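Colleague: The structure under discussion is supplied below as structure tokens; questions concerning it will follow.
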Amino acid sequence: MTVMVRERDDVMKISRNGQVSLPAETRKRWNAERVLIVDRGDYVIVRPYPDDAIRALRGKYKGRGPTADEWHRMNREEEREIEERRWGRPPE
């Protein structure tokens, strides 16, 4: 399901306690109880923070790049090639 979201700029007032309210539309779309604030020096980034950050990453990188076994096999092959070039024979 694709959700179309228009970008928007909102000017928000900072309370005396340093609080800023997120627009209701954003809170509803994010459905998050917590946010992550990333301080970039002259600006901040506010992102929804999942209740279980580790669970939220599950499957995120699935299908990207080699599996651990594939990576180890490729690494061994590369090391074997380096040894063959260095010594002119495969390692024992």
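The values are calculated or read from the model by the stated rules, or taken from the named source; none is laboratory data. Keep in mind it's a predicted model, so treat the numbers as computed, not measured. Reconstructed Cβ throughout: ideal geometry from the backbone, glycine too, with neighbour counts over all protein chains shown.
Colleague: What helices (runs of 4 or more DSSP H) completely inside the chain contain at least 2 residues that are modelled with pLDDT of 85 or more and not β-branched (Val, Ile, Thr)?
Modeller: Details: elements: 24-30, 53-57, 68-87.
Hits in the chain: 24-30, 68-87.
Let's see how each residue does on (1) farther than 25 Å from residue 7 by Cα; (2) over 24 Å from the mean Cα position of the chain (by Cα):
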{"position": "24", "(1), (2)": "no, yes"}
{"position": "31", "(1), (2)": "no, no"}
{"position": "63", "(1), (2)": "yes, no"}
{"position": "75", "(1), (2)": "yes, yes"}
{"position": "79", "(1), (2)": "yes, yes"}
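Colleague: Scan the stretch 41-54 for residues that are within 22 Å of residue 28 (Cβ to Cβ) and either of a type outside the set (A, V, I, L, M) or loosely packed, with under 10 Cβ neighbours inside 10 Å (or both) and report the count.
Modeller: Here the count works out to 6.
Colleague: From the list 55, 85, 73, exactly one residue is charged (D, E, K, R) and within 30 Å of residue 22 (Cα to Cα). Which is it?
Modeller: 55
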